[in-house]
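The values are calculated or read from the model by the stated rules, or taken from the named source; none is laboratory data. Here the structure is a predicted model, which means the values were calculated and not measured. With ideal geometry, Cβ positions are generated from the backbone for all residues, glycine too; neighbour counts draw on all protein chains shown. Ligands, DNA and RNA are stripped out before the accessible areas are found, and what is left, the full protein with its side chains, is counted by its heavy atoms. Shrake-Rupley method; radii C 1.70, N 1.55, O 1.52, S 1.80 Å.
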Amino acid sequence: MKITAARVIVCCPGRNFVTLKIETDQGLTGLGDATLNGRELAVASYLTDHVIPCLIGRDAHQIEDIWQYLYRGAYWRRGPVTMSAIAAVDTALWDLKAKAAGMPLYQLLGGASRTGVMVYGHANGRDIAQTVDEVLRYQAQGYKAIRAQSGVPGLEKVYGVGRGTMFYEPADADLPSEHDWSTEKYLRHTPQLFDAVRRAVGPDIHLLHDVHHRLTPIEAARLGKDLEPYRLFWMEDATPAENQEAFRLIRQHTTTPLAVGEVFNTVWDCKDLIQNQLIDYIRTTVVHAGGITHLRRIADLAALYPVRTGSHGATDLSPVCMGAALHFDLWVPNFGIQEYMRHTDETDAVFPHAYTFSDGFLHPGEATGHGVDIDEALAAKYPYQRAYLPVNRQQHDGTLWHW
Ligand SMILES: O=C(O)C(=O)C[C@H](O)[C@H](O)CO
Ligand SMILES: [Mg+2]
């Protein structure tokens, strides 16, 4: 099955998405997500200008060889732009291979290890009362796991706190908007939030929280300890993870489970965290960590320790990524949970898909390949619009802080 053509489709049905479509001499096409929030066109160019010319004429079945060719062959390894581009090719090739085999991708990976993929939804509120209401709304829709984020008294805008709708979108401005931050206010407020939420939902719902890289290790250790009574499923991105060793300090102080990995791109970014058992969940995902081929390598390393998966699934990962992730999730033996932020109706219309939600679980469906398509005519009606994630500054003196 020879690759005859490939092209990048950039569209903005509510937010920007970059999609790679690969065509073959058998008439089959494969799709891969290449979206890198706020840096979309860099990946589009990387693919169009540097990767696609190398793909034409290759055997689409040689997924591993093409992966190594793009990773080792570039000389410049790793990094989000490179790995998102490789991921898009890899995802499209797995889609093609499964279509050629006439089976859903999860069957090709080794078959289903579970009946469905447990997901967590996002409950956001401007204060504790509104967040509790949102959590209860998710519980009523059947969710078994819910992430809770709330506004912090005294801070004007806080990440994760949207407009109180199902469609929170952080990349909201033509140039980065600025948020303010106070660690002291956040650390005072967050245990109160989970006290209220846990009391409202009872013991059986899994609760999650995203710290979004904003604490120092010792502050994160304190928050983990303060949250222990509320039995979180995980505390996410407690501290920036460039220094993997930092998690040792957090780990020494708290039994709150730790999750990290949405900004990681390779197994090298998580190797020490996994091997030293400093985390409980690894959150790398298909699009930003080199596709199915590389995610499988990360998951296999994690399984030895045993760290479980918890793939990132925000709305800036397109339905193509979500579809591929769900096949992976249904198969991977050390599955933990999958994030699920719903896409808008406009996005869902551009990317018709076979996956479905029911009672707190997603299922990838039985269509061949990963089961996600693109309506190119509709996509063309939504041209690219520059949009950035916000930046975060310390409230007391304006120092640029982690976002
Ligand atoms: O979904 C999450 O856990 C996030 O932290 C969302 C990220 O901020 C978002 O994907 C950045 O592009
Ligand atoms: Mg996160």
query: Taking the Cα atoms only, what angle lies between the long axis of helix 80-101 and the longest principal axis of the chain, rounded to 10 degrees?
result: 60
- prompt: If you take the beta carbon distance between Asp204 and Glu242 as r and set R0 to 35 Å, what does 1/(1 + (r/R0)^6) give as a FRET efficiency, to the nearest 0.05?
  reply: 0.45
Region 50-132: chymotrypsin sites (Phe, Trp or Tyr not before Pro) in DSSP loop, at most 12 other beta carbons within 10 Å: Tyr75, Trp76
- prompt: Under 26 Å from the Cα of Lys97, which lysines turn up, not counting those fewer than eight places away in the same chain?
  reply: Lys2, Lys21
- prompt: Considering the dipole of region 3-104 built from charges on the beta carbon (Lys and Arg +1, Asp and Glu -1) around the Cα centre, which of Ala5, Val43, Thr19 is farthest to its positive end?
  reply: Val43
message: If R₀ is 45 angstrom, what is the calculated FRET efficiency for the pair Tyr384 and Gln252, using the beta carbon separation as r and rounding to 0.05?
response: 0.45
task: Would you please report the Å³ per residue occupied by the convex hull of the alpha carbon atoms in the chain?
output: 126
- line: For the chain, the charge dipole (Cβ of Lys, Arg +1; Cβ of Asp, Glu -1; about the Cα centre) points to a positive end, and the Cα of Val332, Gln62, Ala377 closest to that extreme belongs to Val332
Most to least packed among 324-332, 217-225 [average Cβ atoms within 10 Å]: 324-332, 217-225
- request: Go from 0 up to the bin containing the longest alpha carbon distance in region 3-104, width 10 Å each, and give me the % of pairs per bin.
  value: 16, 51, 28, 5
field: Anchor Lys225: lysines whose Cα lies under 23 Å away (excluding residues fewer than 8 positions away in-chain)
entry: Lys185
statement: Excluding residues fewer than 8 positions from Lys381 in its own chain, the aspartates and glutamates with Cα under 15 Å of it are Asp345, Glu346, Asp348
- prompt: Can you tell me the accessible area per residue over the chain, all protein chains present, probe 1.4 angstrom, in square angstrom?
  reply: 38
- request: Considering only DSSP beta bridges where both residues belong to region 109-366, give the percentage that are antiparallel (nearest 5).
  value: 20
query: What order do Ser358, Ser318, Ser177 take when sorted by accessible area (1.4 Å probe), most exposed first?
result: Ser358, Ser177, Ser318
- request: In vacuum, with every alpha carbon of region 231-352 counted as one equal point scatterer, what does the Debye formula give for log10 I(q)/I(0) at q = 0.13, 0.14, 0.18 Å⁻¹? Two decimals, please.
  value: -0.49, -0.56, -0.88
- prompt: Once the convex hull of the C-alpha atoms of region 161-257 is built, how many Å³ does it hold per residue, rounded to a whole number?
  reply: 120
task: Might you work out the accessible area of Leu41 for me, using a 1.4 Å probe with all protein chains in place, and round it to the nearest 10 Å²?
output: 80
query: By how many degrees, between 0 and 90 and to the nearest 10, does the Cα long axis of helix 319-331 differ from the longest principal axis of the chain?
result: 80
